[in-house]
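Encoded as structure tokens, the structure appears first; notes follow it.
The values are calculated or read from the model by the stated rules, or taken from the named source; none is laboratory data. The model shown is predicted, which means the values in this text are computed figures rather than measured ones. Note that each Cβ is placed from the backbone with ideal geometry, even for glycine, and that neighbours are counted across all protein chains shown.
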Ligand code: DLL
């Protein structure tokens with residue numbers, strides 16, 4: 001049997017979940033209508049009153065919320081509680097524009113941390129575990145979220161934050177960390193550092209909880225093998241709460257969405273139409289019971305699929321498959337849609353590691369894609385003929401996957417900067 005944090009909720013029959021969601025949704029819409037003037041104005045502009053929204057069957061009538069909506073009303077957009085009732089803010093990084101600030105009441109923090117506790121429990125975590133939290137702490141939600149979840153579960157929590165790899169490895173070995181939480185790219189870097197320092201038999205890790213960025217199944221296998229652990233995916237976003245919006249169980253076939261708190265839809269990103277279960281599209285979330293920042297129909301830009309197939313873990317929450325990437329990460333190269341995660345999958349399949357960089361440019365009105373890939377120490381050679389053969393093999397494999405030509409440059413091991421948080425893999429020099 002699986003290990004749960006809140007079994008009665010996590011295994012609730014689907015019909016009961018639906019009823020619970022409807023009850024919370026009605027209350028939430030009244031709260032938003034009464035306490036969130038920006039969203040009420042949007043509803044009124046769409047010709048809606050509160051009476052038009054009786055249940056989740058009516059959700060399609062409601063306007064979407066986008067990152068731009070939240071940015072436009074910085075810093076208090078969607079704030080639906082007096083500041084005196086809020087106890088925390090977290091914030092997006094603002095790399096693609098103005099920051100979004102998310103507000104939390106104590107109730108909102110509690111439900112968020114419970115979601116993270118469910119995620120840790122789903123890896124087999126109990127109060128006997130030592131959880132090393134190596135996501136960044138501060139405005140980023142990764143560190144605080146998993147930290148809170150680990151406390152709720154009663155684990156010994158190591159609040160490491162990101163970076164300082166020597167110190168990470170010292171605590172990991174000295175205190176016998178059993179569960180590590182960080183981005184998959186940092187996990188790969190930790191694995192590399194453990195191998196170099198010959199520490200593999202001094203680590204006690206059994207599981208890792210990796211998210212905050214898209215990562216491939218091939219990367220999962222690599223990390224699992226090099227660290228000797230089971231690697232679990234976790235998903236979330238600041239606007240909806242942080243990590244733990246969904247999490248993976250031992251089946252590792254997608255992440256269960258915490259449906260008692262978040263209602264998920266998949267829409268056609270071009271038309272906004274709601275798509276049926278199983279169709280690929282943009283993920284949209286509605287917060288069902290958050291008080292301070294109750295975002296309604298938030299367009300995540302994450303492209304994925306929902307499925308309600310029975311899961312062997314016993315959880316009944318709907319699953320989202322690994323997001324392929326964000327619609328705004330998708331590169332359109334010579335008219336072809338390319339997700340960096342597809343390139344990563346090819347590189348790992350061919351025996352390389354996830355140390356790569358994609359450089360996109362436009363030369364004489366034609367798009368170019370250059371892929372810099374590190375040779376692994378095992379593959380490293382200074383025989384130019386061999387390097388050229390290896391590059392040709394990768395060019396062919398990428399062509400087969402993407403349908404376009406990418407120029408491959410094999411570079412020396414360790415020459416691509418490692419990431420301690422979310423990896424930046426794409427440099428798009430096109431000025432369009
Ligand atoms: O990345 C929250 C988080 C922290 C999730 C730690 C998991 C672990 P933001 O910085 O607001 O929040 O970024 C949210 O990151 O819309 C996705 O595009 C991406 N993302 C998050 N988790 C995953 C994942 C945190 N498991 C954005 N797979 C989201 C793919 C992910 N993409």
Within the range 183-197, identify whether any single residue is touching a strand residue (DSSP E or B) at 6+ places or on another chain (Cβ under 6 Å), within 16 Å of the ligand (Cβ to nearest atom), in contact (Cβ under 8 Å) with a residue 24 or more places away in the chain and not in a helix (DSSP H, G or I), and answer yes or no. no
Could you figure out which of (1) closer than 22 Å to residue 120 by Cβ; (2) free of Cβ contacts under 8 Å to residues at least 12 places away in the same chain isn't true of residue 276? (1)
Reported set for the range 382-395 where residues are surrounded by fewer than 10 Cβ atoms within 10 Å (Cβ to Cβ) and assigned to a helix (DSSP H, G or I) is 384, 385
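Conditions (1) in contact (Cβ under 8 Å) with a residue 40 or more places away in the chain; (2) in a helix (DSSP H, G or I), marked per residue:
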site: 33; (1), (2): no, yes
site: 38; (1), (2): yes, yes
site: 41; (1), (2): no, yes
site: 77; (1), (2): no, no
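Please specify each residue of the range 220-257 satisfying the condition of being more than 13 Å from the ligand (Cβ to nearest atom), part of a loop (DSSP other than H, G, I, E, B) and either in contact with a helix residue (DSSP H, G or I) (Cβ under 6 Å, 6 or more places away or on another chain) or not assigned by TED's automatic domain parsing to the domain that holds residue 123 (or both).
Step one: list which residues in the range 220-257 are more than 13 Å from the ligand (Cβ to nearest atom), which gives 221-230, 249-251, 253.
Filter once more, so that each one left must be part of a loop (DSSP other than H, G, I, E, B): 228-229, 249-251, 253.
249 - this is the single residue of the range 220-257 that is more than 13 Å from the ligand (Cβ to nearest atom), part of a loop (DSSP other than H, G, I, E, B) and either in contact with a helix residue (DSSP H, G or I) (Cβ under 6 Å, 6 or more places away or on another chain) or not assigned by TED's automatic domain parsing to the domain that holds residue 123 (or both).
Given the criteria within 16 Å of the ligand (Cβ to nearest atom), assigned to a strand (DSSP E or B) and more than 25 Å from residue 339 (Cα to Cα), does residue 209 qualify?
no
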Filtering the range 43-75 for residues that are assigned to a loop (DSSP other than H, G, I, E, B) and within 18 Å of residue 262 (Cα to Cα) leaves a count of 7
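Would you be able to say whether some residue in the range 62-78 is on the phi > 0 side of the Ramachandran plot and within 16 Å of the ligand (Cβ to nearest atom)? Please lay out each step first, then the result.
At the first step, the residues of the range 62-78 found to be on the phi > 0 side of the Ramachandran plot are 78.
Next, from what is left, pick out any that are within 16 Å of the ligand (Cβ to nearest atom): 78.
Yes: the range 62-78 contains one or more residues that are on the phi > 0 side of the Ramachandran plot and within 16 Å of the ligand (Cβ to nearest atom).
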Is one or more of the residues making up the range 76-90 surrounded by fewer than 23 Cβ atoms within 10 Å (Cβ to Cβ) and modelled with pLDDT under 95? yes
Just checking: which of the strands (runs of 3 or more DSSP E) contained wholly in the range 301-377 hold 3 or more residues that are away from the ligand (no atom under 16 Å from the Cβ) and outside the structural domain of residue 231 (by TED's automatic domain parsing)? 336-338, 356-363, 366-374
Restricting attention to the range 365-382, the residues that are at pLDDT 95 or above and more than 33 Å from the chain's Cα centre (by Cα) number exactly 0
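Residue 222 - would you say it is at pLDDT 95 or above and surrounded by fewer than 24 Cβ atoms within 10 Å (Cβ to Cβ)? It would help to see each step written out before you state the result.
Details: at pLDDT 95 or above: no; surrounded by fewer than 24 Cβ atoms within 10 Å (Cβ to Cβ): yes.
So residue 222 does not fit the description; no.
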